[in-house]
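> One structure is given below, represented as C-alpha cells, and several questions about it will come after.
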Amino acid sequence: MAGGASTPDLVTAVGEEGGLGFLAAGYQSAEALAAQIDAVRALGDRPFGVNLFVPWAGLAVLSDAARAGRQERVHEYARVLAAAGHPVGIPDAQDDDRWAAKLDVLEQRECDLVSFTFGIPPAAVMRRLASRGTTIVLTVTSVAEARAAVEAGADALCVQGPDAGGHRGTHDPLAEPGTLPLAGLLAQLKSIDVPVIATGGIATPKQARSALAAGADAVQLGTLFLPTPESGAHPAHKAALTASGTCGTVVTRAFSGRSARGLDNAFIREWGPVAPAAYPEVNQLTQPLRAVAAKSGDGEHLALWAGTGHREAVARPAAEVVERVVGWVAS
Ligand SMILES: Cc1cc2nc3c(=O)[nH]c(=O)nc-3n(C[C@H](O)[C@H](O)[C@H](O)COP(=O)(O)O)c2cc1C
C-alpha cells in the first residue's frame, strides 16, 4: 500500500504470523525503497514481496490532438483548484515514478517476489525478471487483462475486484474500471492456469471463503491493515476508517486522475465530478493540498483510501488481522 501505509514493521508483522507482506515502491524514491527492503531484512527472515506501479505506455502513443486535449483538461483542473484557494502542484506527464531505478534496486537487492499494478511491464522487463528467477505477480481487474497478463508471463495473478480500497489496477487508465463483483470475476477465470490471489473488499469470513470457493488460491487484504499500529497510514486516515459516523466509500479520480476507492469526503464531493482522467498529472496537482491537509490532520482533503469492508477494520496489531484471516480460511 503506497503512500506510507506499508512499512517494514507492517510487512514483518504480517510475515511473522505466516502471511505474505508487500512493500510498496509507489511514489517513493529508489533509495527509500532500497532502505525499506534492507529494513525488512534486518527485522527478520520471512519472505516478502515488493509492489511497483507500471508507467502507462499509452501516453507515448497518444496523438498530438489527444495529448493537447489532455493537457488542456489538466490545466483547467489546476485553474479551478487554484481559484478555490488550493495550493496546486506542477503537472509532469512524463514522470514514470522512477521505474528504471526501482527495477535496478530489485535486481541489486535480489528481490525474488515482485508484483505490479496499473499494467503489464514491457516484455524486456518481464524477460529480465524471469531470467533471474523472480516470481512475477500481475494485478488484473478483468478477464481480458488476466489473459494478457498470463500471455506476458505472469507467474500468478492478483485479481482485484471493484470493492478494493485504493487505486484500481485497471491497465487502461482512461477506461472506467469494471464493476463485476470479485466472485463473478474469479468464476470467469477458472480456466486460468496460474495461481490466483483474490483481493478487494475482503473483510469477513464469508467473503474470504467465497473468494476461495470461486477459485482463488489465496486472499489479499489491504484496508483491514490500515488502522493497525504497524501501518504508516496518516492518523486522520486511521481515525476516519474506524469512526462510527463514517459515510462509506466512493470511487473517484479527484485526487490522482486514476480511479480509486476511498472514504467519501468534502474534496471528493466537490472535485470528483470535474477531475480529468489524467494520472500522474492530477496526483501531482493535488500533492501540495494533500500535504497541507496532512499537516493539519484535515481528513476532508486527504485521500482516505479504503475498501467497502472498512467498517470491519480495527486498531489492533497486524498479527491479529492475519490470525483472524487464517482462522476464516482454515475453518
Ligand atoms: C491505502 C492503500 C494503498 C494502496 N496502494 C497500492 C499499491 O501501492 N499497489 C497496489 O498494487 N495496490 C495498492 N492498493 C490496493 C491493494 O493492493 C488491494 O487491491 C486492496 O487494498 C484490496 O482491497 P481492500 O482494501 O478492500 O482489502 C492500495 C490500497 C490501499 C487501501
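> Sort the stretch 243-303 into rounded, prolate or oblate with this rule: let a ≥ b ≥ c be the square roots of the eigenvalues of the Cα gyration tensor; rounded if a/c is under 1.5, and if a/c is not under 1.5, prolate when a/b is larger than b/c, oblate otherwise.
Details: a/c = 2.26, a/b = 1.23, b/c = 1.84.
Oblate.
> Between beta-carbons, use under 13 Å as the cut-off and find the net charge around E230, counting Lys and Arg +1, Asp and Glu -1.
Net charge around E230: -2.
> Which one of P91, H310, M1 is farthest out on the positive end of the charge dipole of the chain, using unit charges on Cβ (Lys, Arg +1; Asp, Glu -1) and the Cα centre as origin?
H310
> If you put +1 on each Lys and Arg Cβ and -1 on each Asp and Glu Cβ, how big is the dipole of the chain around its Cα centre, in Debye rounded to 20?
The calculated dipole for the chain is roughly 480 debye.
> Just subtract the alpha-carbon distance of V274 and E300 from 0.36 nm times their residue separation and send over the number in nm, one decimal. Don't jump to the answer; show the numbers that get you there.
Values: separation 26, 0.36 × 26 = 9.36 nm, distance 1.74 nm.
Value of the extension gain: 7.6 nm.
> Which of V114, L59, Y27 sits farthest toward the positive end of the charge dipole of the stretch 17-120, with +1 on the Cβ of Lys and Arg and -1 on the Cβ of Asp and Glu?
In the stretch 17-120, that residue is L59.
> Restricting to DSSP loop positions (anything but H, G, I, E, B) with no more than 15 other Cβ atoms inside 10 Å of their own Cβ, which trypsin sites (Lys or Arg not before Pro) remain in the stretch 176-232? Provide the component values of the computation, followed by the final result.
On the way: sites: K190, K206, R209; in loops: K190.
In loop regions of the stretch 176-232 (DSSP not H, G, I, E or B), the sparsely surrounded trypsin sites (Lys or Arg not before Pro) are K190.
> What part of the accessible area of the chain, given as a whole %, is carbon or sulfur when the probe is 1.4 angstrom?
Within the chain, the accessible surface is 55 percent carbon and sulfur.
> When only Cα pairs under 8 Å and 6 or more residues apart are kept, what is the percent relative contact order across the chain?
On the way: 645 pairs, mean separation 63.1, N = 331.
Once normalised by length, the contact order is 19 percent.
> Give, as ranges by residue number, the residues of the stretch 28-71 whose backbone N falls under 20 Å from the point 7 Å along Cα→Cβ of E110.
Only 33-51 pass the distance filter.
> In the Gaussian network model of the chain, springs joining C-alpha atoms below 10 Å, which of A149, A214, A100 carries the largest mean-square fluctuation?
A100
> Per residue, how large is the accessible surface of the chain? Use a 1.4 angstrom probe and give square angstrom. Show your work: numbers first, answer last.
Working: 14370 Å² over 331 residues.
On a per-residue basis, the chain sits at 43 Å².
> Let me ask another. Where does each of E16, E107 land when they are ordered by accessible area, with a 1.4 Å probe and the largest first?
I get E16, E107, largest accessible area first.
> With springs only between Cα atoms under 10 Å, which of L113, L43, L304 fluctuates most in a Gaussian network model of the chain?
Among L113, L43, L304, the largest mean-square fluctuation in the Gaussian network model of the chain belongs to L43.
The values are calculated or read from the model by the stated rules, or taken from the named source; none is laboratory data. Just so it is clear, the model here is predicted, and its values are computed rather than measured. Here Cβ is always computed from backbone atoms with ideal geometry, including for glycine, and neighbour counts include all displayed protein chains. For the accessible areas, the whole protein counts, side chains as well, though only heavy atoms, and no ligand, DNA or RNA atoms are used. Shrake-Rupley method; radii C 1.70, N 1.55, O 1.52, S 1.80 Å.
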